[in-house]
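Asks: Okay, here's the structure, questions in a sec.
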Amino acid sequence: MKRRVLLLSMVSTLALSACGSKFKRYNGPRVTRVIVYKGQRKMHLMHNGKALRSYDIGLGFAPYEHKREEGDGRTPEGEYIIDRRNPNSEFHLSIGIDYPNAQDIAKAKAAGVKPGGDIFIHGRPSKYAKGGRDWTAGCIAVTNKEIEQIYAMVENGTPISIYP
């Protein structure tokens, strides 16, 4: 009897800890593209032209126009790839965007500036947990619960289109 109670206790603990994990599972259709509309503050996870999920987003603190240089607070515009993930992000979870690409680097070099980098889709630190529209240094922000879904759904190598 004691063994049974101990076993049930262990199983309950494991089940509860799995529910509280920030790492979710996703078994639906593959996300084939991420589309971001900066002006609408919307991001869509797409499967062959159909939106699987849509999210309200926050952007860089200077959200208009394409990112030109390090520290300008702008979110890039253009065609990129999801290229990395950070399970220990300061912003709960994050997935990386391969900004700057060759074109961004060439433009920055011609202007005599550094293009910047470390652009991610990520969650929110506690001071922005209740919202706040455009506060990042150029990243795309969603809620922590939403980044858990996105982290599970979007694979490295997924194209991302960021429009004005």
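The values are calculated or read from the model by the stated rules, or taken from the named source; none is laboratory data. All of these numbers come straight from a predicted model, not from anything done at the bench. FYI the Cβ positions are ideal-geometry reconstructions off the backbone, even for glycines, and counts take in every protein chain you see. Remember, those area values only see protein heavy atoms, side chains included, never the ligands or the DNA or RNA. Shrake-Rupley method; radii C 1.70, N 1.55, O 1.52, S 1.80 Å.
Asks: Could you give every pair whose Cβ atoms fall below 8 Å, whose first residue belongs to the range 70-92 and is within 16 Å of I150 (Cβ to Cβ), and whose second residue is open to solvent by 30 Å² or more (accessible area, probe 1.4 Å) and in a strand (DSSP E or B), counting only separations of at least 6 or pairs across chains?
Replies: Listed pairs, sorted by first residue: Y80/P159; I81/P159; I82/P159; N86/F120; S89/F120; F91/F120.
Asks: Please pick out the residue among A108, A129 that is at pLDDT below 95, more than 16 Å from L45 (Cβ to Cβ), open to solvent by 50 Å² or more (accessible area, probe 1.4 Å) and among the aliphatic types (A, V, I, L, M).
Replies: Values: A108 fails: open to solvent by 50 Å² or more (accessible area, probe 1.4 Å).
Answer to the selection: A129.
Asks: Is it the case, given these coordinates, that K24 is within 19 Å of the chain's Cα centre (by Cα), open to solvent by 60 Å² or more (accessible area, probe 1.4 Å) and at pLDDT below 95? So that I can check it myself, show each step before the final result.
Replies: Numbers: within 19 Å of the chain's Cα centre (by Cα): yes; open to solvent by 60 Å² or more (accessible area, probe 1.4 Å): yes; at pLDDT below 95: yes.
Yes; evaluated as a whole, the condition is true for this residue.
Asks: Only one of F120, F61 is over 26 Å from K24 (Cβ atoms), out of contact with any helix residue (DSSP H, G or I) (no Cβ under 7 Å at 6 or more places or on another chain) and among the aromatic types (F, W, Y). Can you tell me which? Before the answer, list the steps.
Replies: Details: F120 fails: over 26 Å from K24 (Cβ atoms).
F61 is the lone residue from the list that is over 26 Å from K24 (Cβ atoms), out of contact with any helix residue (DSSP H, G or I) (no Cβ under 7 Å at 6 or more places or on another chain) and among the aromatic types (F, W, Y).
Condition check ((1) touching a Lys or Arg at 6+ places or on another chain (Cβ under 8 Å); (2) surrounded by fewer than 15 Cβ atoms within 10 Å (Cβ to Cβ); (3) modelled with pLDDT under 90) across all residues:
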| position | (1), (2), (3) |
| --- | --- |
| I57 | yes, no, no |
| G60 | yes, no, yes |
| Y64 | yes, yes, yes |
| E69 | yes, no, yes |
| P76 | yes, no, no |
| N86 | no, no, no |
| L93 | yes, no, no |
| I97 | no, no, no |
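Asks: For G116, which of the numbered conditions (1) touching a residue at least 24 places away in the same chain (Cβ under 8 Å); (2) touching a strand residue (DSSP E or B) at 6+ places or on another chain (Cβ under 9 Å); (3) not hydrophobic (A, V, I, L, M, F, W, C) fails to hold?
Replies: The single condition G116 does not satisfy is (2).
Asks: Restrict the check to the range 64-77 and report whether at least one residue is more than 23 Å from P29 (Cα to Cα) and within 11 Å of the chain's Cα centre (by Cα). Full working, then the answer.
Replies: Of all residues in the range 64-77, those more than 23 Å from P29 (Cα to Cα) come to 64-77.
From the residues that got through so far, the ones that are within 11 Å of the chain's Cα centre (by Cα) too are none.
Scanning the range 64-77 turns up no residue that is more than 23 Å from P29 (Cα to Cα) and within 11 Å of the chain's Cα centre (by Cα).
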